[in-house]
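The values are calculated or read from the model by the stated rules, or taken from the named source; none is laboratory data. What you are looking at is a predicted structure, and each value in this text was computed from that prediction instead of being measured. FYI the Cβ positions are ideal-geometry reconstructions off the backbone, even for glycines, and counts take in every protein chain you see.
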Amino acid sequence: MISESEIVKWREKPSWWDNIDLDEFENLAAIGYQPEQIAMYYNIEKVDFMYYFSLVNSPLKYHYDRGQLMQQAKEGMTMLQDAATGENVTQAQRLDKLRKEVIFKNALSEIIFND
């Protein structure tokens, strides 16, 4: 088991941190770009970027996950509105698929991380 003193946490921002527009960063995550690709987009050395991305309490990881969540939530809310009328069967099916994915991911997270 890893002791708390062995965990490497985010303590200070790297020199390239101020070059990242967090709204743009979240949008890139929402589109589906991988962290390595985002590092390339911002012209940051991949190894350095991934080091900071993988640290405990990393703002990079937080904003990456937030970007994906925000996009999925926006799509889900749109599907919910479209499916609510009962006229758009395709949106209702997509909404059902999204719900199942969210339930599965939440259950997996609860099993793995016990949160």
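The table for this structure:
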quantity	calculated
Failed criterion for Val102 (all others in (1) touching a helix residue (DSSP H, G or I) at 6+ places or on another chain (Cβ under 6 Å); (2) closer than 22 Å to Ala30 by Cβ; (3) of a type in the set (A, V, I, L, M) hold)	(1)
Single residue of the range 71-94 satisfying the filter (of a type in the set (S, T, N, Q) and part of a loop (DSSP other than H, G, I, E, B)) that is nearest to the chain's Cα centre (by Cα)	Asn88
Candidates Val89, Val56, Val102 - the one that is touching a strand residue (DSSP E or B) at 6+ places or on another chain (Cβ under 6 Å) and not basic (Lys, Arg)	Val56
Close pairs from the range 64-92: first under 30 Å from Pro35 (Cβ atoms), partner surrounded by fewer than 15 Cβ atoms within 10 Å (Cβ to Cβ) and among the basic types (Lys, Arg), Cβ under 9 Å, at least 6 apart	Gly76/Arg99
Check on Ile44, among the β-branched types (Val, Ile, Thr), assigned to a helix (DSSP H, G or I), in contact (Cβ under 8 Å) with a residue 24 or more places away in the chain and crowded, with 16+ Cβ neighbours inside 10 Å	no
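Per-residue answers, yes or no, for (1) among the polar types (S, T, N, Q); (2) at pLDDT below 90; (3) loosely packed, with under 14 Cβ neighbours inside 10 Å; (4) in contact with a helix residue (DSSP H, G or I) (Cβ under 9 Å, 6 or more places away or on another chain):
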{"site": "Lys13", "(1), (2), (3), (4)": "no, yes, yes, yes"}
{"site": "Asn19", "(1), (2), (3), (4)": "yes, no, yes, no"}
{"site": "Ala29", "(1), (2), (3), (4)": "no, no, no, yes"}
{"site": "Lys61", "(1), (2), (3), (4)": "no, no, no, yes"}
{"site": "Gln81", "(1), (2), (3), (4)": "yes, yes, yes, yes"}
{"site": "Asn88", "(1), (2), (3), (4)": "yes, yes, no, yes"}
